[in-house]
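One structure below.
Bear in mind these aren't lab numbers, they're just calculated from the coordinates by the rules spelled out. In this text the structure is predicted, and so the values were computed from the model without any measurement. Cβ atoms come from the backbone with ideal geometry, glycine included; neighbour counts cover every protein chain shown.
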Amino acid sequence: MNKRTLQLGCLAAAALAFAAPAPAVIKVAYIDPLSGGAASAGINAQKHMAFLIDRVNAAGGLNGEKLELLSFDNKVSPQESLIVLKKALDEGARYVFQGNGSAVAHAITEAVAKHNERNPGKEVLYFNYAAIDPALTNEKCNFWHFRFDADVDMKMQALTNVIARDPKIKRVYLINQDYSFGKAVAAAAQKMLAEKRSDIKVVGDELHPLQKVQDFSPYVAKIKASGADTVITGNWSNDMLLLIKAAKDAGLKVGWYTYYGGALGTPSAIGRDGVGSVIQVSEWHNNVSPELDAVAASFRKRYPDKDDEFSYYRLMTAFDLFAAAAAKARSNDPVKVARALEGLKITTTVGEVEMRADNHQVLQPMYVSVMADNVKYDVEKTGFGFRTIARIDGKDAALPTTCRMQRPG
Amino acid sequence: MSIRERARSTGAQITQGRNTRSAPGSPVSADAGAMRTYRSWIAAGVLLLVLPHVPGLDSNFGRSLLSQMGIAAVFALSYSLLLGQTGLLSFGHAVYFGLGAYAAIHLMRAINGGLPLPLPLVPLAGAAGGLAVGLLFGAVTTRRAGVVFTLISLGVGELVFAAMRMLQGFSGGEEGVTANRSRGPHLFGLDFASQLQVYYLIVFWALVAAALMHFFIRTPVGRMCNAVRDNPERAEFIGYSAQRVRFTVFAAAAMFAGLAGGLHAVNYEIVAAEAVGAARSGAVLLMVCIGGASHFVGAILGAITITWLQVSLSDYTAAWQLYLGLFFMAIVLFAPGGLAGLVMMHAPLLRRAAFPDLLRAYAVASMPAVAMLAGAVMLLEINYRLSTQPEAGTRITLLRVSLDAATPWPWLAAALLLVGGFLAFRRTWPGVAAAWQRATGEASAGGAR
Amino acid sequence: MLELVTFSLLNGVVYGLLLFMLSSGLTLIWSMMGVLNFAHASMFMLGAYFSYQLGLAIGFWPALVIAPLLVGAVGAAIERYGLRHVHRQGHVGEILFTFGLAYLIAELVIMVWGRNPIENRVPATIDFPAFALFGTRYPFYKVLMMAISVGMFVFLYLAFKRTRVGLVIQAALTHPQMVSALGHDVPRVFVLVFAAGSALAALAGVIGGFALLTEPNMAAALGPIVFVVVVVGGLGSIPGALVASMLIGIIQTFAVALDHSLLDLLRVLGIPLARTSPFYEVCAIKIAQAAPIIPYLLLVLMLILRPKGLMGTRET
């Protein structure tokens, strides 16, 4: 059985690579797409992670221990995420960051809960910085999951408040990706528009396959035919880019109320046509507060590529909360940090931030902003940036929850 | 002669008439052959039992890796039934894997909800699911062989993948369906919460599946598969319906793929739409081709190799997919029999006197080959780093040697290694050819086997 | 309504012509050499990337000519040094080779240009609206795409019917062994055909790169559809490829506009279906949601019912 011995030798050699002893660091695993269709989002966030971890380490780390970043590529696949999660856990990671893809988030939150149940003493926390399906802090909530981005409903609340104030908006078209997140956006939009402005007619509710559509011109033709003056979409990455491209080609003149219209190539794709018409809801944009200019500038110095701009301010808030919780708990043990995080309030540059104890959803200020050409900082070197048209305070953003959190004893 | 014996000998005749690489065991001293086979199986079983306790593999991750390899091996074996034994190239085999996985995970959810079925029986639901779908689709897809079959499998794969994304109730859409393998009746106190217990479950079913498939190949139907692969016209001439043979093996392959899917569901406790996706179909194709399609052990070898590469190579280099692609191309171009084929080529030469000469010739040839590969790897790594991580600057560390890609030296060194290595490598080919002649020449001069 | 129909027709025609540009080369290669070329969409991708890179250096119009020629040379090299060696392994070996090649080319593209979509902007010389219909602009580069595609069809048609090489190729499309037996240098014709097919795909990529995103995944995204076109159109038939691509382009575009589902049909027929029924979900799928999978449905149906395709001259 020479073959088998050879294979065994290979396996052993590979496994020995993992047997190295670990110095006293806190390993933070970052699990997101680093290849494939959504790679641009994942790679951009990875750079933020590296930058922010260095910042925390430069300030002394957490309770004297430094953070170390381990990155894993999950190709936006729930199953691949579980495979790399096992790898991360085996390499000693106690904190897991993920954000791109609510489907992946569902898989990870369940896997983390199962792991913690089966391995007491080796618990792991899951910090979700971008997967905003509301279910994760409602019916699927669990003690080990903390979300650092406003969920779909909270963001739709902000957007629809702005829409409600605009009397020119009469006909709204919804177009979203056909999966849990996209459907949540559509459902929230329908519900909140009906509540706030019953005179607004929803003239279309479109669901298209996720990351499959290459040519959006048929959809744009449909939007045109419906006579809509406003489009609400949660599309991200390639789906947002291609939709905007097709709209620009056809010269479609509508107001775009988006979740991700300010990032990852969309401003470059729409160019001047977007001024005054592309609106996004986010926790920050680079014209919000001058105090953060230094942070954005040092990020840009480290990553000068046009595609890499400082945009994940919520990751910075997440690390601020993380550090504050570790300080409050006087320990880096995940269970103690989790307990300290619950209900924790800190003040950041943009205002007060609170981590809700009842469902582990962060409450932070939200900004609804519109693309403009006369602002101090632009995005993606297009010459156009974003200007705030509405700000919602953290505590005003809270929505009721159905979460029944099971806490460890 | 009974029909069965006639089929067996006919299949063997047709196969041997085409002189294919996978000449099945010749009808020589069946008893000695059987003893050897039993010994191999027992040895394999013992090895698998001991493996998760070997230091280095006894971590959670090591055992997960072994479990993954086990699942991949069953899946790859089922695929090699189609490709290796019957010559049917399918680009949509993951459909049966995934639908079996869905069947299993739904059963697991039912168990979580109170159904009194112990977990070890769940993979059977996967097999049943795979078989049902295989019978359903196989009826239409196996009407033709060759390129038409390949394209239909591609189309069916895409259709099922799209359907799974759309039918949320059954497949959970993008998020998939989850279940808990520890919540249910615990037989003999086994709750399957630990990876070790899951590993042993996988080993059990993998051995059962492998034994069944090994047996299947030696039945008359299995022999007729080989015949249909090599000469379908002649098989039809004798009276066998090529389509019915294809349908039978297709259903069997689908069943075993579903079994692998069931194991997958137990291992990961989640099944999502990508379990039926094109990437998974492509991966099993890669495994079987690299391992060797026509040898039974080739599929296992390929599964282990590819799983290990996929999981571990990404730690060493960001360009691992590129290396995987190059490796695959090298196999297709230069070693179409796969790794198993390469080993089998040398197996009859092991005891010959000229064998050490052959090894020496290989050793001499390997030095420039290594230099050539080192140069290629250097070039690829430097390029990859520069284009995917431009902000990291031009200083690169390869194997603890620090290089600055902005200077010409690393490029010159790499080019020199590559070109020089290739030229020197070419020089050694006649030597290797001569040594090979000597080794095989002596083998045939040494008398009948 | 009229507006929607007009634009759907226009978009469908444009998309169909893009598919034709892509699949004409594959029809040639497959019909003549029997090779199911999985790397064909990769040539399309290479055309987009090469023209972007060349365009930065020498401008759009020269790149439009040179990029396809470069990719044609790449195709010739692939045939001469790679594919020729796997011919003896039969169809399976050839398919595996091209499959691996597609994978490899995608990885090489990532190595050179990175993983993110590149900024392949429509060049200023063709970035203006061609005309406006019902108040909606129609960009000129799409009109250019249509023109090139039609031009390609005319060129192929004339080349086949009027030139000597074209006659040989036509014959080899339907009776390759006979042509070889008659003494024509079939291997050289093979290299020519493979190179020409790749060049055509690259030409499609030059323009297609603007209409779609230029990223390493674009070959995998469009690859399967091209096979559908060639199968539905039928082997050995360029007009078949045109008909099939127009059919698929128009059907897929119009399907997006239709929000009806089986449920509506059942309602019209007077058969109510309860929400709790297991068939509810399947029947509730709108045609618009199912639009991207219609080509695969066509593929499977065509292969089962009529493997020769719509206008094909032979089966494999």
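Cut-off under 17 Å on the C-alpha distance; same-chain residues fewer than 8 positions from A:K328 excluded. Which aspartates and glutamates are left, in chain and number order?
Excluding near neighbours in sequence, the set is A:E65, A:D320, A:E342, A:E354.
Per residue of B:270-280, count partner chain C-beta atoms within 10 Å of its C-beta, then hand back the mean as an integer.
Rounded to a whole number, the mean comes out at 4.
Quick one: Debye curve from the C-alpha atoms of the range B:34-176, no solvent, what's log10 I(q)/I(0) at q = 0.12, 0.15, 0.16 Å⁻¹?
-0.69, -0.99, -1.07
Hey, could you get me the Stokes-Einstein D for the protein assembly as shown, Kirkwood radius over alpha-carbon pairs, 25 °C and 0.890 mPa s, rounded to whole µm² s⁻¹?
77
Helix A:78-90: angle to the longest alpha-carbon principal axis of chain A, degrees 0 to 90, nearest 10?
30
Pick from B:R427, B:R183, B:R244 the residue whose mean-square fluctuation is largest in a GNM of chain B, springs joining Cα atoms under 10 Å.
The residue with the greatest mean-square fluctuation here is B:R427.
In a Debye calculation with equal point scatterers on the alpha-carbon sites of chain C and no solvent, what is log10 I(q)/I(0) at q = 0.11, 0.12, 0.14 Å⁻¹?
Log10 I(q)/I(0), no solvent term: -0.73, -0.85, -1.10.
Within the set A:K27/A:K47; A:K183/A:K395; A:K170/A:K224; A:K140/A:K183, which residue pairs have Cα atoms separated by over 22 Å?
Long pairs (Cα-Cα over 22 Å): A:K183/A:K395.
Enumerate the calculated ³J(HN,Hα) couplings along the range A:195-207 in order (Karplus 6.51 cos²θ - 1.76 cosθ + 1.60, θ = phi - 60°), each rounded to whole Hz, writing x wherever the residue is Gly or Pro.
6, 8, 9, 5, 7, 6, 9, 8, 8, x, 9, 9, 10
Which far-off residues, 5 or more places away or on another chain, put their amide H under 5 Å from the one on A:E352, with H placed in the peptide plane?
Here the answer is A:G394, since their amide H atoms fall under 5 Å of that of A:E352.
Would you please put C:239-245, B:401-407 in order of how densely packed they are, using the mean number of other Cβ atoms within 10 angstrom per residue and starting with the highest?
In decreasing order of mean packing, C:239-245, B:401-407 become C:239-245, B:401-407.
Within the protein assembly as shown, what percent of beta bridges assigned by DSSP are antiparallel, to the nearest 5?
Close to 45 percent.
Let me see the pair-distance distribution of the range A:189-322: every alpha carbon pair, 10 Å bin width, integer percents in order.
10, 36, 31, 18, 5
If you restrict to DSSP beta bridges whose two residues both lie in chain A, what percentage is antiparallel, to the nearest 5?
If I count the DSSP bridges inside chain A, around 35 percent turn out antiparallel.
Pick from C:Q89, C:Q289, C:Q53: which residue has the top mean-square fluctuation in a GNM of chain C where Cα pairs under 10 Å get a spring?
C:Q89
Out of B:G262, B:G138, B:G45, any idea which swings most in a Gaussian network model of chain B, alpha carbons joined below 10 Å?
Fluctuation is largest for B:G45.
Using alpha carbons only, what's the Rg to Rh ratio of chain A with Rh from Kirkwood?
Radius of gyration over Kirkwood radius for chain A works out to 0.98.
Apply the Debye scattering formula to the range B:364-408, with a single equal point scatterer on each alpha-carbon and no solvent, then give log10 I(q)/I(0) at q = 0.17 Å⁻¹.
-0.52
Classify chain B as rounded, prolate or oblate, taking a ≥ b ≥ c as the square roots of the eigenvalues of its Cα gyration tensor: rounded when a/c is under 1.5, otherwise prolate if a/b is larger than b/c and oblate if not.
oblate
Which semi-axes, in whole Å and largest first, does the equivalent ellipsoid of the range B:201-288 have when worked out from the alpha carbon gyration tensor as the square roots of 5 times its eigenvalues?
Ellipsoid half-lengths, sorted descending, are 30, 16, 10 Å.
I'd like the distance between the alpha-carbon centres of the range A:120-160 and the range C:162-220, rounded to an integer number of Å.
53
Can you put B:L398, A:L341 in order of Cβ neighbours within 10 angstrom, beginning with the fewest?
B:L398, A:L341
Going through the DSSP H helices of chain B, which span 18 Å or more along their own axis at the Cα atoms while scoring at least 1.0 as a mean Kyte-Doolittle hydropathy?
Membrane-span-like by this criterion, though nothing is claimed about a membrane: B:94-112, B:122-141, B:146-166, B:195-217, B:278-291, B:296-308, B:320-334.
Step through the table entries A:K191/A:K376; A:K155/A:K253; A:K155/A:K376, compare each Cα-Cα distance with 29 Å, and write down the pairs that go over it.
The pairs that break the limit, which is 29 Å between Cα atoms, are A:K191/A:K376.
Can you tell me the orientation of helix A:237-250 relative to chain A, as the angle in degrees between its alpha-carbon axis and the longest Cα principal axis, to the nearest 10?
Helix A:237-250 and the main axis of chain A meet at about 20 degrees.
In whole percent, what relative contact order does chain C give with Cα contacts below 8 Å and a gap of six or more residues?
33
Taking only Cα atoms, what is the 0 to 90° angle, nearest 10, from helix A:293-302's long axis to the longest principal axis of chain A?
It works out to around 60 degrees.
If you project the alpha carbons of the range B:350-445 onto the principal axes, what extent comes out on each, in Å, largest first?
63, 22, 19
So who's got an amide H within less than 5 Å of the one on A:A390, skipping anything under 5 residues away but keeping other chains? H placed 1.01 Å off N, in plane.
A:V368
Within chain A, which is the longest segment that contains none of the trypsin sites (Lys or Arg not before Pro) sitting in a DSSP loop with at most 15 other Cβ atoms within 10 Å?
Looking at chain A, A:1-121 is the longest stretch - no exposed trypsin sites (Lys or Arg not before Pro) with at most 15 other Cβ atoms within 10 Å.
At a threshold of 8 angstrom on Cα-Cα distance, excluding pairs fewer than six apart, so keeping six or more, what relative contact order does the range B:350-445 reach in percent?
47
Report, in deg cm²/dmol and to the nearest 500, the calculated mean residue ellipticity at 222 nm for chain B, where each DSSP H run with n ≥ 4 adds -39500 (n - 2.57) and the sum is divided by the residue count.
One gets -23500 deg cm²/dmol as the mean residue ellipticity at 222 nm.
Return the loop-located trypsin sites (Lys or Arg not before Pro) in the range C:219-316 (DSSP other than H, G, I, E, B) with at most 15 other Cβ atoms within 10 Å of their own Cβ; answer none if there are none.
Hits after loop and neighbour filter: C:R275.
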